[in-house]
1. Would you give the gap between the C-alpha center of region 22-86 and the C-alpha center of region 180-222, rounded to a whole Å?
2. Which one, Gly202, Tyr158, Gly134, projects farthest toward the positive side of the charge dipole computed for the chain from Cβ point charges (K/R +1, D/E -1)?
3. Apply the membrane-span-like helix rule to the chain: whole DSSP H runs, Cα extent along the own long axis of at least 18 Å, mean Kyte-Doolittle hydropathy at least -0.5. List the helices found.
4. Return the distance in nm (one decimal) between the two label points of a simple spin-label model at Arg198 and Ala153, each offset 7 Å from Cα along Cα→Cβ.
5. Loop-only trypsin sites (Lys or Arg not before Pro) in region 147-233, please: DSSP not H, G, I, E or B, and at most 12 other Cβ atoms within 10 Å.
6. Under a crude label model (7 Å from the Cα following the beta-carbon direction), how far is Ile172 from Ser219 in nanometres?
7. How much length, in nm to one decimal, is gained on full extension between Lys105 and Glu77, taken as 0.36 nm per residue of separation minus their Cα-Cα distance?
8. 7 Å from Cα along Cα→Cβ at both Glu47 and Lys114: what's the point-to-point distance in nm?
Amino acid sequence: MTEIAILDDDKSICEKVRQCVLAAIPEGCHVHIEICTSPSELWKYIEEKLVDILITDIEMPEMSGMELGRKVREKYEKMYLIFLTAHPEYAYESYRISAYQYIDKSDMEERLPKLIETLAIRLEKEKTQFRWIGTGERKQKIYYADIIYLHKAKGEKYVEYVTEKEIYRERINIREIEKEVIERGFLTIERGYIANIRHIAGIGKTTIRMDNGDELAVSRARRAKVKEELNHRWRELE
């Protein structure tokens, strides 16, 4: 899901921008659009949600878009920052704070859709390669390829993402992410264990051996099904 925030102290302008953005989203791309009418409202939102694209006006009473942009850049380097304004004199300053794009409002209906379409496709592709865990400033990016397996012990509230270097923890039900990771090359071994098939080194009588040396217990009843599915999935990866 790509998160897009629109900021303008005029709600009617926000709605106009939202319609412009919605019309540009390609089929298959999933987005959520949040409208904010003040910098403080926006800042509260982005501290709770990881915003991918921020489309903001420059002239606002509470805080200028440029000041907000500098604040965003200090904390969220990878956020795509797009300025909309009717005042071209701000263009140079927008580039100084590494804005992704500066668009004159008179050109918005022509330029913004093309820009959003490009970014939506790019972000949708990127989001298939990693997932964010945690909330707010504690969000961490984990690449699916680096996850050896996921584990959630019975009675525990946290899912563990085991990688070669460290173990990440997220308070989430493992069933909520099971389909997401299986579509990206993972396989459910037993209840509470989901393994990355690219990191499976071998199958024993009662365990699945991972390439980091860990062994995941598997019942005899489940082992045959896991082995069959693994052979099928490995052929698909060849």
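Taken together, the values in this text are just the output of simple stated rules run on the coordinates, not laboratory data. Computed from a prediction, not measured in an experiment: that's the story for all the values here. Note that each Cβ is placed from the backbone with ideal geometry, even for glycine, and that neighbours are counted across all protein chains shown.
1. So the two Cα centres are separated by 41 Å.
2. Checking the options against the dipole of the chain, the answer is Gly202.
3. Result, helices passing both filters: 11-24, 108-126.
4. According to this spin-label approximation, the distance is 2.9 nm.
5. Within region 147-233, the qualifying trypsin sites (Lys or Arg not before Pro) (loop, at most 12 other Cβ atoms within 10 Å) are Lys154, Lys157, Lys165, Arg191, Lys205.
6. Distance between the two pseudo-spin positions: 2.7 nm.
7. Full extension of this stretch gives 7.6 nm more.
8. 3.9 nm
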